Structures are given as structure tokens and as C-alpha cells.
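Enquirer: Once you've had a glance at the structure underneath, I'll fire off some questions.
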């Protein structure tokens, strides 16, 4: 079988869940080969990647890779496409992932498809577009298929094998090093899971009425061990930090459970969550567009419904 390059998403030695999802998806197309950019690829990391089917882990770690964002990674991916002729390249649909994929596609003369939610064994990609109103099936017909995949779209399943680690030292051009990382600040990580990778997301919108209204949203999320999200209206109003915005101009999520509270369901928001497996809506407006996506809906005041739901969940633990 042909190799399939998987670009790892990681934070130091922490392998992000989407990487394991990508390796799982790669198995249906060929033999997964993980590309690890930067430091942190320990023996434990290699073992973890191998447990999901990766046959090899290529580690590109140098000052040029660590200190310069995106551009070196794109060159490395393009070089590997030229030397390995892989069946495909799979990348997470993150901000950096999409930029690396796009740059690599141009450099290698390859086609690119973004925001995949499913990949068939013949390389046909399923996308959900226009706020979920249209399902598109696409296939790259020129060069090496480069596909970015939404987190949580493809379940990660183990298929243990023995992965080998290989250090590579690809050349990085001076042009790729023009933008330099001058400082790094560690953001304190709370107990909640990362929004883009969370299996449960509880979001609030304009209906929460203000910053203090997100208290009930956070309590419900914590009772479910989920992440907190917010609509653009809520973040633009300053009620919740912008990094938690779900939507076309925010983060795209695809959790097992998405609970939308006080969110009307504008197309911008729906584009960021409509691939969620189960959608629960709480809104006092029975005509709110978000109900079109709901598997379960409650017409009522979120400040009455949500605390009752939190209490019931907590009592069953």
C-alpha cells in the first residue's frame, strides 16, 4: 500500500486527539506515516501513534522549524510529496493546518480539499457546506490529494502496530524563515477540554443577556465535563472571550453532543457546529432557525431550563 502522510497536531509532547483521528482516516487510504514538526516526539509519543496504526514517525526538529511558523512546515510537506509520492496528505482543519496545506498544495502542484467530514477508501471526500444546507462529494484529480479534516469528524480507532521513529533534516529556505517567533507565552489551561476537540460543547448566545449569564452555561458544561462555546453575538458584545467563538469566523466544532442555549442559529454560527452528532437546543423563541438542526429542542427560558438540567445531571453522578 502507498504511504499516507499525516501532519501531527501537538503541543510539545501532547498528541492532540485530532492527530489520532487523522491516522485512523489515513488507514483507509494506505499506510499512515506521521510527520512531526518540532520538539517533543518522545518514545511514548511514537508508541501512541503506533497504537493507532502509524507505521513510521518522521521528525523534523530544528531551529528553522521551531522558530518560524507555518512556512517551513509547508516546504517540508511539499518536499516529502516529491520524494515519497504519497497517496494523500491529511492535515487537521486548524488555522495553521489549513495554511500549511494550502502552501504545500501550491508548492507541489497538488489539489486541496478543506474541512472534510468523511473520506472514502477511493479518496472521495465529503464536505458539509453553506451552513449544512449542502453536502458535497469531491475528489482531487491533480497531483497528490491534500485534505484537511475537521476535528471530531472521524472517530479515532486503535489498530496497533509497531511504529519506527526517523529523524529527518530537510532544508528550509531563507524565504520561509522571514517571519520569526520572538516570544512564547504559556496560556493557563483550565480543567475543561479544548473547544475544537471536545466531545461535548455547551454554548451560549445573545439569550444569556450578559457576561454574568454565562455562569449557568459553564455550570452545565462542567457537569458534563464539556467545553464552553459562544456565538459571535456574545463574543462581539464582550460577554465571553473571542477564542471560544463557534462559527464561520470562529472555531469549527463537531462534538458528539452540542447544546445551544439562547442562540438563534444564524448561518454564521450554524456553519461552525452543524456537523455535531447530536444537537440539543434551548431557546424561548419556537421560530428560532437553530431548531432546524435540533435533534432535541426545548422551548423555554434558558435560566429556568439549564439549571434544572445541570441539577439532574449532577444528581445522577
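Enquirer: Looking at the stretch 92-102, can you tell me whether even one residue there is assigned to a strand (DSSP E or B) and at pLDDT 95 or above?
Expert: Yes, there is a match, as at least one residue in the stretch 92-102 is assigned to a strand (DSSP E or B) and at pLDDT 95 or above.
Enquirer: Here is a further query. Among the residues that make up the stretch 215-225, is at least one of them touching a strand residue (DSSP E or B) at 6+ places or on another chain (Cβ under 9 Å) and part of a loop (DSSP other than H, G, I, E, B)?
Expert: yes
Enquirer: Among the residues of the stretch 263-288, write down those that are surrounded by fewer than 18 Cβ atoms within 10 Å (Cβ to Cβ), modelled with pLDDT of 95 or more and under 29 Å from the mean Cα position of the chain (by Cα).
Expert: 278, 280, listed by residue number.
Enquirer: Right, something else. Go through the residues of the stretch 184-193 one by one and say whether even a single one is in contact with a strand residue (DSSP E or B) (Cβ under 6 Å, 6 or more places away or on another chain), farther than 30 Å from residue 83 by Cβ and not in a loop (DSSP other than H, G, I, E, B).
Expert: no
Enquirer: Can you name the condition, by its number, that residue 76 falls short on among (1) part of a helix (DSSP H, G or I); (2) out of contact with any strand residue (DSSP E or B) (no Cβ under 6 Å at 6 or more places or on another chain)?
Expert: The failed condition is (2).
Enquirer: Another question about this same structure. Which one of these is assigned by TED's automatic domain parsing to the domain that holds residue 127 and in a strand (DSSP E or B): 154, 147?
Expert: Going through 154, 147 in turn, just one is assigned by TED's automatic domain parsing to the domain that holds residue 127 and in a strand (DSSP E or B): 147.
Enquirer: Condition first: at pLDDT 90 or above, under 21 Å from the mean Cα position of the chain (by Cα) and surrounded by 20 or more Cβ atoms within 10 Å (Cβ to Cβ). Now tell me which residues in the stretch 128-153 satisfy that.
Expert: 145, 146, 147, 148, 149
Enquirer: Can you spot a residue in the stretch 282-295 that is under 17 Å from residue 213 (Cβ atoms), in contact with a helix residue (DSSP H, G or I) (Cβ under 6 Å, 6 or more places away or on another chain) and touching a residue at least 12 places away in the same chain (Cβ under 8 Å)?
Expert: yes
The values are calculated or read from the model by the stated rules, or taken from the named source; none is laboratory data. All figures in this text were calculated on a predicted structure; none of them were measured in a lab. Reconstructed Cβ throughout: ideal geometry from the backbone, glycine too, with neighbour counts over all protein chains shown.
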